Amino acid sequence: MSDAVADAGVEATQDDDDIPVLFLNAIERTYRQGDEALHILSGAELAIWPGQSVALVAPSGAGKSTLLHIAGLLEHPDQGDVYIDGRATAILSDAERTRIRRNEIGFIYQSHHLLPEFTALENVLMPQMIRGLTRKEANKRAVELLSYLGLSARLNHRPAELSGGEQQRGAIARAVATAPRIRLADEPTRNLHLHTADHVFAALTQLVRASGLATIIATHNMEIAARMDRRVTLREGQVVEME
Ligand code: ADP
Ligand code: MG
């Protein structure tokens, strides 16, 4: 593994092993539609330790996206709290939540969200420059990550000039490049061929283990799920370990 890939994550220290990177505590989320109340999450609990990858496998409509949005501080739960590195987030200001979301959480969306007017390389290096890396450093890391994901011959292609799988890999490189503590991926394999998906997620899992990060991947792909350290599902609004 190259240096840039190895230090794409924050270094894990011994003490970090004692507390979860991410801890969802007693999460409640109810959607109201007219008179109906949909209890999507009812006391959901999930703790993830440094270096762990977790597959979230559940049927459509079970609440996977809801759980990931709450874990990623994109939405507030109705009850319960999200702890990041042991720190409660509900009481934080919006500005502070935004800072955590920007610096510590990498969200990989269902659709790729690459900026259409920029090349693959620019899409990966820009968020790093926003975080203070020099163009030279950002460029070096972006080239290494894109190459690691098999895109060395596509650096200067715009998203429209990439296949769905290539766009997805570009989005993964971008999420990884900014070195978050937590990576959340919402069914990222939808547009990937099985073989590509397998390669990309082998790389992602390896990165997570090497760098003490945590990842949750919502997926229907059982081969991807089998590569992760843990598999969980949602049952009656709670997170349940599989097997
Ligand atoms: P999944 O990602 O597992 O397919 P979601 O978390 O997207 O599930 O949604 C869970 C359930 O909550 C679905 O039945 C969905 O229709 C419902 N839901 C999601 N968002 C809203 C919303 N903003 N308002 C009302 N219902 C919603
Ligand atoms: Mg979803």
Answer with yes or no whether residue 18 is charged (D, E, K, R) and modelled with pLDDT under 95. yes
Of the conditions (1) touching an Asp or Glu at 6+ places or on another chain (Cβ under 7 Å); (2) open to solvent by 40 Å² or more (accessible area, probe 1.4 Å), residue 99 fails just one. Which one is it? (1)
Filter the stretch 49-83 for residues that are open to solvent by less than 40 Å² (accessible area, probe 1.4 Å), touching a strand residue (DSSP E or B) at 6+ places or on another chain (Cβ under 6 Å) and in a loop (DSSP other than H, G, I, E, B); the one that is farthest from ligand 2 (Cβ to nearest atom) is 77
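Against the definition (modelled with pLDDT under 95, open to solvent by 60 Å² or more (accessible area, probe 1.4 Å) and either over 19 Å from residue 180 (Cβ atoms) or over 19 Å from the mean Cα position of the chain (by Cα) (or both)), how does residue 2 come out, yes or no?
On the way: modelled with pLDDT under 95: yes; open to solvent by 60 Å² or more (accessible area, probe 1.4 Å): no; either over 19 Å from residue 180 (Cβ atoms) or over 19 Å from the mean Cα position of the chain (by Cα) (or both): yes.
Here the answer is no, as residue 2 does not meet what is asked.
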Suppose the filter is assigned to a loop (DSSP other than H, G, I, E, B) and under 22 Å from residue 205 (Cα atoms); does residue 132 pass it? no
Subset of the stretch 46-62 (residues that are within 15 Å of ligand 1 (Cβ to nearest atom) and of a type in the set (Ser, Thr, Tyr)): 60
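List the strands (runs of 3 or more DSSP E) that sit entirely inside the stretch 153-243 and contain at least 2 residues that are modelled with pLDDT of 90 or more, open to solvent by 20 Å² or more (accessible area, probe 1.4 Å) and under 23 Å from residue 46 (Cα atoms).
Strands (runs of 3 or more DSSP E) meeting the threshold: 230-235, 238-241.
So which of 24, 41 is open to solvent by less than 80 Å² (accessible area, probe 1.4 Å), touching a residue at least 24 places away in the same chain (Cβ under 8 Å), within 16 Å of ligand 2 (Cβ to nearest atom) and assigned to a strand (DSSP E or B)?
Details: 24 fails: within 16 Å of ligand 2 (Cβ to nearest atom).
Exactly one of 24, 41 is open to solvent by less than 80 Å² (accessible area, probe 1.4 Å), touching a residue at least 24 places away in the same chain (Cβ under 8 Å), within 16 Å of ligand 2 (Cβ to nearest atom) and assigned to a strand (DSSP E or B), namely 41.
The values are calculated or read from the model by the stated rules, or taken from the named source; none is laboratory data. Not measured: the values here are computed from a predicted model. Please note: Cβ atoms are built from the backbone with ideal geometry, for glycine as well, and neighbour counts cover all protein chains shown. Heads up: the accessible areas ignore ligands, DNA and RNA and are worked out on the full protein's heavy atoms, side chains in. Shrake-Rupley method; radii C 1.70, N 1.55, O 1.52, S 1.80 Å.
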